[in-house]
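The values are calculated or read from the model by the stated rules, or taken from the named source; none is laboratory data. These numbers come from a predicted model, not from an experiment. All Cβ positions, glycine included, derive from the backbone under ideal geometry; neighbour counts span all protein chains shown.
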Amino acid sequence: MHELRFNVFGKHIAVTRVQAGWSAYYLGSDGKRRPADFVVPDDIAEQDLATYLGDLFHEFATPRNGTIKQLD
């Protein structure tokens, strides 16, 4: 399983490669995850995930949380 984690304007999101598509999860501060209420289209390339998430969540950007970072 290949998983990428992002901090998207303060929201922690994990995106996992599942067969030929993606599954997305919200990551809680307690270490728990829950299924996300959005879909990442199957044709989004891995290198384009941060841009896609930024476009999807741009309304959550603030002066303090104005960036998208891929987490380790």
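In the stretch 17-29, the residues that are at pLDDT 95 or above and buried (at least 16 other Cβ atoms within 10 Å of the Cβ) form Cβ pairs under 6 Å with partners that are among the charged types (D, E, K, R) and part of a strand (DSSP E or B), at six or more places apart or across chains, as follows: Y25/R33; L27/R33. Scanning the stretch 37-72 for residues being of a type in the set (V, I, T) and touching a helix residue (DSSP H, G or I) at 6+ places or on another chain (Cβ under 8 Å) gives a total of 3.
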